[in-house]
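Remarks on the structure that follows.
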Amino acid sequence: MQDDFILETISVTKNFFGDKSSGVNNVTIFIPKGKVTAIVGESGSGKTTLLNLLYGTLEPDHGEVFFKEEQVLSRQRGIQHAHKAMRMVAQHDNDLDPRISVWDTISEGLPAEDQSHAIHRVTEALNLLNIYPLREMPFGKLSGGEKQRVTIARALISRPEVLLLDEPFNQVDATYREGLQHDIRYIVKEWGVTVVLVSHDPAEILSMADELIVLKEGEIVENGSPEQLYHSPKLLYTAQILASCTRLTSAHAKVCGIKSKRSIVVVYAEHIKVSSLGSKWLVKMVLFKGFFEELIVEKEGITLRVLNYDRRKYPVGSKVGISIGKYFEFGKWES
């Protein structure tokens, strides 16, 4: 394994109940050291299975997992050095006692004989995740976002080399999500921790991931930087996962002014400009998004999603014109 990679899978397969459509199939990945790698895909694509294979919770049916030069075996066979170097934060915290204080929840697992060292470590973790004022609160009294910060702090207390996160923002309110993402990025930068996370919501990880791995039906279909995959997706599946977009047939694309050479056209909402000129599209719905709106416009039975930053200019029932600056083509080539 190269020095700049810390985790690796070689042709790993893990299926359940003999069903090849479950789990992952023949997956080879390389996780860069000191970076944030996000595994994305629709529900049931194998994201959590792959995370558990990396952590050693599951053992592959075929293939191998490596941490640096060490093969990662199932934790049921015994705890290895590789296992000790990794920590996992799962979607649920059911194994944590709701009556215990935040301080004690985080400090579990540290050697009891060196109290000054433990106090320093816990204080550092609390400050790093911005939860020091909550140190005396019972864990069960916290909000979902606060609990997630505590579980991450608890995982970091032993200074792991790899932190694996399973849907880390699932229970976090939108107002706290960005702050937690910033904290995780800071941890990666300051401590050099490698983070691997899985998510079904790409919007929450596009701004924080260095690398994306796209899974579909247990197989890797694309990988690269968020910018690369967002702006130049090779597959329809990737485009639909990463962006708010509209899928059109080539016939429908023609109504939108697009002369497509392939059977499927995808248009991102931000690539459509709306104006008062033309006035052939009917505004069917206006969705408030804070400092901008998302317009749902319709013409000849075709519906598009359009971003509008000039709020309230185009109310429901008004007629607008559109222009499409960029689009992607997929599917069969048209004759």
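In segment 127-146, the qualifying residues are those that are in a helix (DSSP H, G or I) and in contact with a Leu (Cβ under 8 Å, 6 or more places away or on another chain), and the one that is nearest to residue 35 (Cα to Cα) is 128. Of the strands (runs of 3 or more DSSP E) lying entirely inside segment 1-64, those containing at least 3 residues that are out of contact with any Leu (no Cβ under 9 Å at 6 or more places or on another chain) and at pLDDT below 95 are 5-16, 19-32.
Taking residues in segment 235-250 that are buried (at least 22 other Cβ atoms within 10 Å of the Cβ), and partners anywhere that are acidic (Asp, Glu), the pairs with Cβ atoms closer than 8 Å and at least 6 places apart or on different chains are 238/222; 241/42.
A quick yes/no check of all residues on (1) in the same structural domain as residue 32 (by TED's automatic domain parsing); (2) in a loop (DSSP other than H, G, I, E, B):
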{"site": "188", "(1), (2)": "yes, no"}
{"site": "196", "(1), (2)": "yes, no"}
{"site": "207", "(1), (2)": "yes, yes"}
{"site": "227", "(1), (2)": "yes, no"}
{"site": "259", "(1), (2)": "no, yes"}
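Within segment 51-61, is even one residue among the β-branched types (Val, Ile, Thr), within 27 Å of residue 225 (Cα to Cα) and in the same structural domain as residue 196 (by TED's automatic domain parsing)? Checking segment 51-61: not a single residue is among the β-branched types (Val, Ile, Thr), within 27 Å of residue 225 (Cα to Cα) and in the same structural domain as residue 196 (by TED's automatic domain parsing).
So that you can scan it fast, the table gives a plain yes or no per residue for (1) farther than 29 Å from residue 235 by Cα; (2) more than 22 Å from the chain's Cα centre (by Cα); (3) surrounded by fewer than 18 Cβ atoms within 10 Å (Cβ to Cβ):
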| position | (1), (2), (3) |
| --- | --- |
| 7 | no, no, no |
| 79 | yes, yes, yes |
| 89 | yes, no, no |
| 107 | yes, yes, no |
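The set of residues in segment 265-311 that are in contact with a helix residue (DSSP H, G or I) (Cβ under 6 Å, 6 or more places away or on another chain) and either under 18 Å from residue 329 (Cα atoms) or of a type in the set (Phe, Trp, Tyr) (or both) comprises 265, 266, 302, 305. The residues listed here are 284, 254, 332; of these, the one that is among the charged types (D, E, K, R), over 31 Å from the mean Cα position of the chain (by Cα) and part of a strand (DSSP E or B) is 284. Taking residue 138, is it in contact (Cβ under 8 Å) with a residue 60 or more places away in the chain and not aliphatic (A, V, I, L, M)? No, not satisfied. If you go through segment 57-71 and pick out every residue that is in contact (Cβ under 8 Å) with a residue 60 or more places away in the chain and at negative phi, you end up with 3. Filtering segment 149-180 to residues that are in contact with a helix residue (DSSP H, G or I) (Cβ under 7 Å, 6 or more places away or on another chain) and assigned to a helix (DSSP H, G or I) leaves 149, 150, 153, 154, 156, 176, 177, 180. Among (1) out of contact with any Leu (no Cβ under 7 Å at 6 or more places or on another chain); (2) assigned to a loop (DSSP other than H, G, I, E, B), which single condition is residue 304 missing? The one condition residue 304 does not meet is (2).
The values are calculated or read from the model by the stated rules, or taken from the named source; none is laboratory data. Please read all numbers here as calculations on a predicted model, not as lab measurements. Virtual Cβ from ideal backbone geometry, glycine too; neighbours counted across all protein chains shown.
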